[in-house]
Amino acid sequence: METNELALRLKGWRLATAEVLYYMPDHPALLQSFIWQTLDLAPQYPRVHKFLDFWRAEIQAVIHSVRLATGEELAPAKINNVATILHH
């Protein structure tokens, strides 16, 4: 993991995986799948939106649907103080 990637992860960025189902205009009955991963910031996901905007503007394939999965946020461990200790 690169240093700048770790810094982003500590700021709340997480791995986002987008599965794009699409079809070519000349074969609308044939759905194809494209999977793309990036670090992104939930819940806005600016990198995923930028990628999809690029797709719509530059790629002739038509997006049918997008499924997004994200990993957990990297954060320091949470510690809870115990108020009572029980002895047996």
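Just so it is clear, none of the values below were taken in a lab; they were calculated from the coordinates. These numbers were taken from a predicted model, which means no experiment stands behind them. Positions of Cβ are backbone-derived with ideal geometry, glycine not excepted, and every protein chain shown enters the neighbour counts.
Before moving on, here are some points about what is shown:
- Around the amide H of residue 45, modelled in the peptide plane, lies no amide H under 5 Å away from a residue 5 or more places distant or on another chain.
- Most tightly packed first, judged by the mean number of other beta-carbon atoms within 10 Å of their residues, the peptides 49-62, 12-25 read 12-25, 49-62.
- Computed from the Cβ-Cβ distance with R0 of 25 Å, the FRET efficiency linking residue 42 to residue 64 stands at 0.60.
- Those residues of region 29-44 whose amide nitrogen sits under 11 Å from the label point placed on residue 14, 7 Å along Cα→Cβ: 40-43
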